[in-house]
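A short write-up of the structure that comes next.
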Amino acid sequence: MNAMTKIASTGTDNAETEVRFPAEKILVSATDQRGVITFASESFCEIAGFGQEELMGAPHKIVRHPDMPKGIFYLVWETLKAGLPLCAYVKNRTKNGDYYWVLAVMTHTENGYLSSRIKPETELFEKTKKLYAELLREEANGLTPEQSANRFKAMLQEEGFANLDAYTSYALNAEFKNRDRMSADLVNSFATMDELETLISDMQGLVNNIEQGFERVRGEPVNLRILAGRLEGAGAALGTISQNYDAMAKEMHGLVGRLHDPETGALQQMHSAVLQGRTTLQSSQLFSEACEAVQKQENCIDDDVRMLQEHREKLQNKSRARLIEISSIGKSIPDICRSLRRRINGLDVVKLLCKVESGRMRDVDSGLDGIIARLENFHDNTDRCLAELSGKASQVTQKGASI
Ligand SMILES: Cc1cc2nc3c(=O)[nH]c(=O)nc-3n(C[C@H](O)[C@H](O)[C@H](O)COP(=O)(O)O)c2cc1C
């Protein structure tokens, strides 16, 4: 049987039945460094259809479903081995050959790895199933697991996600909110994180607006130079003015880059910190719920509870650290804004010189007035955006520190 036939035979029309489970259930397992199961919660055993004794000591692929692309597990291991957490939609096989879907949140522990799984229900889940089906077809045509992993990342970019991290935090956030079981003591923290995300994206909008302003006036120094050439002696001063303007605007543009450089920009760093902070806090709530459920089990083992509790605390601390980071990055932004606003004043001086020249050339229809009006517009808009940006950065600093 070739792989294409296999896809058809494992499609929705086959004899396998989907096992559905209620949203409050969290299926937890832990493994050692090699992926051998060292702990399986009662709910995981129940849905998977295995007895605890059958899972303990078994490799985790015991629940592997053939519909899962190899590239996804390649990504799982690559990320976990790099010491980073991740989420993935996973289709698992039950002992009797049925299947169930989960969104798995996986992280590393001192001795191995932990996974807590919730029921997925969002549009992104439906979209992801289609991507997996395509990935599986491409694997059948010869993609290696590594190539398949890279293909998946490329697919995510085509879907508008900047990277795997952005996709996984979006997935967990969407499923978590859809599940609608936020822990009462974390409601305020989650609300603050959402506010921070909105503030950061507003700030990104303001910086984009400033950037577009730079784009629009980029040609003006050249226009001034052309004008200077056309007016010969009468426009000599315009050539110098143009050079000054160009140099000062370029310097300002460089400073703006410190705010939104895709790798090192303050806004980018704050955005990934807020996404990671929220993902970590959401994971910590899931492990906390799992811990409560395990404590109620008849055969509950103290060491398992301790492992889950320690893990939950570690995640909460990590989340808090990310927010402190946001707060401290936020502090640096008003300084950058102040320094940019000072430079706008400098540009204003150059623009004034233009005005003086324009006055001297009253009788010549030079087009200089149009240039001055566009520069004026750019200065006013940039100044307004910088003032707003600075205000929002201060709010970020306060909110980040308040959690
Ligand atoms: C903490 C943890 C949880 C895992 N959970 C699952 C799971 O639920 N289903 C699954 O198929 N693989 C899971 N895996 C991955 C398996 O170890 C394995 O890589 C995967 O089933 C693919 O097996 P294969 O490489 O032999 O094809 C998990 C791994 C870890 C570290």
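Looking at the P(r) of the stretch 3-179, how many percent of alpha-carbon pairs lie beyond 20 Å?
Pairs farther apart than 20 Å: 53 percent.
Could you size up the charge dipole of the stretch 231-279 around its Cα centre, putting +1 on the beta carbon of Lys and Arg and -1 on that of Asp and Glu, and report it in debye to the nearest 20? Don't skip to the end; give the middle numbers.
Working: 3 positive and 5 negative charges, 61 e Å.
Once rounded to the nearest 20, the dipole reads 300 debye.
In nm, to one decimal, how far is the LYS129 label point from the LYS331 one, both placed 7 Å along Cα→Cβ?
4.9
List the relative contact order of the chain as a percent without decimals, with contacts defined as Cα pairs under 8 Å and 6+ residues apart. It would help to have the intermediate numbers written out before the result.
Details: 523 pairs, mean separation 59.8, N = 403.
Taking the mean separation of contacting Cα pairs over the length of the chain, I get 15 percent.
First measure r as the distance between the Cβ atoms of ARG230 and ARG20, then evaluate 1/(1 + (r/R0)^6) with R0 = 60 Å and state the FRET efficiency to the nearest 0.05.
Numbers: r = 76 Å, r/R0 = 1.27.
Once the sixth-power term is evaluated, E becomes 0.20.
Rounded to the nearest 0.05, what FRET efficiency is calculated for ALA401 and VAL222 with R0 set to 45 Å and r the Cβ-Cβ distance?
On the way: r = 46 Å, r/R0 = 1.02.
Once the sixth-power term is evaluated, E becomes 0.45.
Considering only PHE152, VAL19, THR107, whose Cα is most displaced toward the positive end of the charge dipole of the stretch 3-179, charges sitting on Cβ of Lys, Arg (+1) and Asp, Glu (-1)?
Highest projection toward the positive end goes to PHE152.
Can you run the Rg to Rh ratio on the stretch 26-89? Use alpha carbon positions and the Kirkwood inverse-distance Rh.
Working: Rg = 12.1 Å, Rh = 12.6 Å.
For the stretch 26-89, the value is 0.96.
Compute the Rg to Rh ratio over the chain from the alpha carbon atoms, using the Kirkwood formula for Rh, and round to two decimal places.
Working: Rg = 28.5 Å, Rh = 24.8 Å.
Rg divided by Rh gives 1.15.
Using a 7 Å offset from Cα along Cα-Cβ at LYS153, what residues in the stretch 248-286 end up with backbone N under 16 Å from the label point?
From the stretch 248-286, the list is 263.
Multiplying the sequence separation of GLN269 and ILE324 by 0.36 nm and subtracting their Cα-Cα distance, what value in nm do you get? It would help to have the intermediate numbers written out before the result.
Numbers: separation 55, 0.36 × 55 = 19.80 nm, distance 1.24 nm.
Full extension of this stretch gives 18.6 nm more.
Taking only the alpha-carbon positions of the stretch 185-402 and ignoring solvent, what does the Debye formula give for the base-10 log of I(q)/I(0) at q = 0.13, 0.14, 0.19 Å⁻¹?
Log10 of I(q)/I(0), two decimals: -0.79, -0.85, -1.19.
List the residues whose amide H sits under 5 Å from the amide H of THR109, counting only those 5 or more places along or on another chain, with H placed 1.01 Å from N in the peptide plane.
Result for THR109 returns LEU114.
Enter the Cα centre distance for the pair the stretch 203-275 and the stretch 83-125, rounded to the nearest angstrom.
Distance between centres, Cα-based: 47 Å.
Which GluC sites (Glu not before Pro) from the stretch 258-330 combine a DSSP loop assignment with at most 13 other Cβ atoms within 10 Å? Don't skip to the end; give the middle numbers.
Details: sites: GLU263, GLU289, GLU292, GLU298, GLU310, GLU313, GLU325; in loops: GLU263, GLU298.
Counting only loop positions with at most 13 other Cβ atoms within 10 Å, the GluC sites (Glu not before Pro) in the stretch 258-330 are GLU263, GLU298.
Which residues' amide hydrogens lie under 5 Å from the amide hydrogen of PHE39, considering only partners 5 or more residues apart or on another chain, with H built in the peptide plane?
Under 5 Å from the amide H of PHE39 lie the amide H atoms of ALA30, each far enough along the sequence or on another chain.
From the phi angles alone, apply the Karplus equation (6.51, -1.76, 1.60; θ = phi - 60°) to the stretch 41-56 and give each ³J(HN,Hα) in whole Hz, x where the residue is Gly or Pro.
Values per residue, Gly and Pro as x: 6, 4, 5, 5, 4, 4, 6, 6, x, 9, x, 4, 5, 6, 7, 4 Hz.
Size of the dipole of the chain about the Cα centre, Lys and Arg at +1 and Asp and Glu at -1 on the beta carbon, nothing else charged, in debye to 20?
Values: 49 positive and 57 negative charges, 164 e Å.
Roughly 780 debye for the chain.
Whole-Hz Karplus ³J(HN,Hα) for the stretch 369-383, in order, using 6.51 cos²θ - 1.76 cosθ + 1.60 and θ = phi - 60°, x for Gly and Pro?
4, x, 4, 4, 4, 5, 5, 4, 4, 4, 5, 4, 5, 5, 4
Can you give me the C-alpha center-to-center distance between the stretch 39-56 and the stretch 332-358, rounded to a whole angstrom?
67
Readers should treat all values here as calculations from the given coordinates under stated rules, not as data from a laboratory. The shown structure was predicted, so the numbers you read here are calculated from the model rather than taken from an experiment. Note that we place each Cβ from the backbone using ideal geometry, even for glycine, and neighbour counts take in every protein chain shown.
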